[in-house]
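J.: I have a structure I would like to understand better, so I am pasting it below and will then ask my questions one at a time.
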Amino acid sequence: MTTRTIALTDALLDYVAAFDSARDALTVELIEETRAALPEAYDLQVSSEEAGLLALLTRITGARDALEIGTFTGLSSLAIARALPAGGRLVCCDVSAEWTAVARRYWDRAGVGPRVELRLGPAAGTLAAMPAGPAFDLAFIDADKVSYPRYWAEVVPRMRTGGVIVVDNVLRGGRVLEPVDEPSRIVAEFNRQVLADPRVDSVMLPVADGITIARVR
């Protein structure tokens, strides 16, 4: 037994990935294409195990309407969209037509393209233009870190009771402990804001670069 999350070697991480039922040949192909085509931006992609967790959360919550802020080449959106039931929808917000073109190809190959609505443009503006009131069962936030407080302010009121919000990169590689750069300072303050928010119950987990999972009361 241990009271601490164990450190993962490359071999152990590969072992973990092998036991992810959401990871298949198409997922691996997307991961490898992103690594080969965009080596300078590859770390923007969520980890394989995080994609698997998103798929499982989508199914556990019975989500029909989902929202993603920050799509990149589509690994997380592919996981969510494939886990949605027939008639489900996923709204994706991103600023890059180039990166999301890769995502579109994989959505179509997986047969979930009709479930996904891509909205290109700054996510804060996209969110603000959405109708007010609860509309989503699941939301994933993984875009520019300095905008996390604004995304949160826009997303929480648009979540249905019992809806789940997942936020990525809440540890900033450990820099939230002694933040010196602006994104890390903002994320550190954002983490405190989420913990104190009476509208949600939340937990922070040391998955990948840290994720927060919050359930709307």
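J.: Rounded to the nearest 5, what % of DSSP beta bridges with both residues in the chain are antiparallel?
T.: Looking only at bridges with both residues in the chain, the antiparallel portion is about 35 percent.
J.: Now a separate question. Between beta-carbons, use under 14 Å as the cut-off and find the net charge around Ala101, counting Lys and Arg +1, Asp and Glu -1.
T.: Here the charged neighbours net out to -1.
J.: I've got another one for you. For the peptides 71-78, 103-110, what is the packing order when you average, over each peptide's residues, the other Cβ atoms within 10 Å and list the highest mean first?
T.: Highest to lowest by the protection proxy: 71-78, 103-110.
J.: How much mean residue ellipticity at 222 nm does the chain get from its helices, if each DSSP H run of length 4 or more adds -39500 (n - 2.57) and you divide by all residues, to the nearest 500 deg cm²/dmol?
T.: Roughly -12500 deg cm²/dmol at 222 nm, from the helical runs in the chain.
J.: Which order do peptides 208-214, 27-33 fall in by mean Cβ count within 10 Å, highest first?
T.: 208-214, 27-33
J.: Next question, about the same structure. Give the Rg (one decimal place) followed by the Dmax (whole number) of the chain, computed from C-alpha coordinates and expressed in Å.
T.: Expressed in Å, the Cα Rg and Dmax of the chain come to 16.5, 49.
J.: Just want to confirm a number: the relative contact order over the chain, from Cα pairs under 8 angstrom separated by 6+ residues, in percent.
T.: Reported relative contact order: 16 percent.
J.: Residue separation times 0.36 nm, minus the C-alpha to C-alpha distance between Ala17 and Ala36: what's the value?
T.: Extending this stretch completely gives an extra 4.9 nm.
J.: Also, I was wondering about something else. Quick one: P(r) of segment 47-161 from all Cα-Cα pairs, 5 Å bins, percents rounded to integers, in order of increasing distance.
T.: In order of increasing distance, the bins hold 2, 13, 25, 25, 22, 11, 2, 0 percent.
J.: Same structure, new question: Is the shape of segment 1-96 best called rounded, prolate or oblate, per the rule: a/c under 1.5 gives rounded, else a/b larger than b/c gives prolate, else oblate, with a ≥ b ≥ c the square roots of the Cα gyration tensor eigenvalues?
T.: oblate
J.: Let me ask you something else. Calculate, axis by axis, the spread of Cα positions in segment 98-217 along the three principal axes, and write the results as whole Å, longest axis first.
T.: Here the Cα extents, ordered largest to smallest, are 43, 31, 26 Å.
J.: Amide H neighbours of Arg64 under 5 Å, at least 5 residues apart or on other chains, H built in the peptide plane: list them.
T.: Asp137
J.: Quick one: if the Förster radius is 30 Å, what FRET efficiency do Glu189 and Glu29 give, using the C-beta to C-beta distance and rounding to 0.05?
T.: For R0 = 30 Å, the calculated efficiency reads 0.20.
J.: From the phi of every residue in segment 111-121, what ³J(HN,Hα) in whole Hz does the Karplus formula 6.51 cos²θ - 1.76 cosθ + 1.60 yield, where θ is phi - 60° and glycine or proline is x?
T.: Along segment 111-121, the couplings run x, 10, x, x, 7, 10, 10, 9, 10, 8, x Hz.
J.: Another one. Give me the percent of accessible area attributable to carbon and sulfur for the chain, probe 1.4 angstrom.
T.: Carbon and sulfur: 57 percent of the exposed surface of the chain.
J.: Now a separate question. How would you order 51-60, 8-17, 145-154 from highest to lowest mean count of nearby Cβ atoms within 10 Å?
T.: The densest-packed peptide leads the list: 51-60, 145-154, 8-17.
J.: Dipole magnitude of the chain about its Cα centre, charges +1 at Lys/Arg Cβ and -1 at Asp/Glu Cβ only, in debye to the nearest 20?
T.: Rounded to the nearest 20 debye, it is 880 debye.
The values are calculated or read from the model by the stated rules, or taken from the named source; none is laboratory data. If you're wondering where the values come from, they're calculated on a predicted model, not measured in any experiment. Note: ideal-geometry Cβ built from the backbone for every residue, glycine included; neighbour counts use all protein chains shown. Keep in mind that these areas ignore ligands, DNA and RNA; they rest on the heavy atoms of the full protein, side chains included. Shrake-Rupley method; radii C 1.70, N 1.55, O 1.52, S 1.80 Å.
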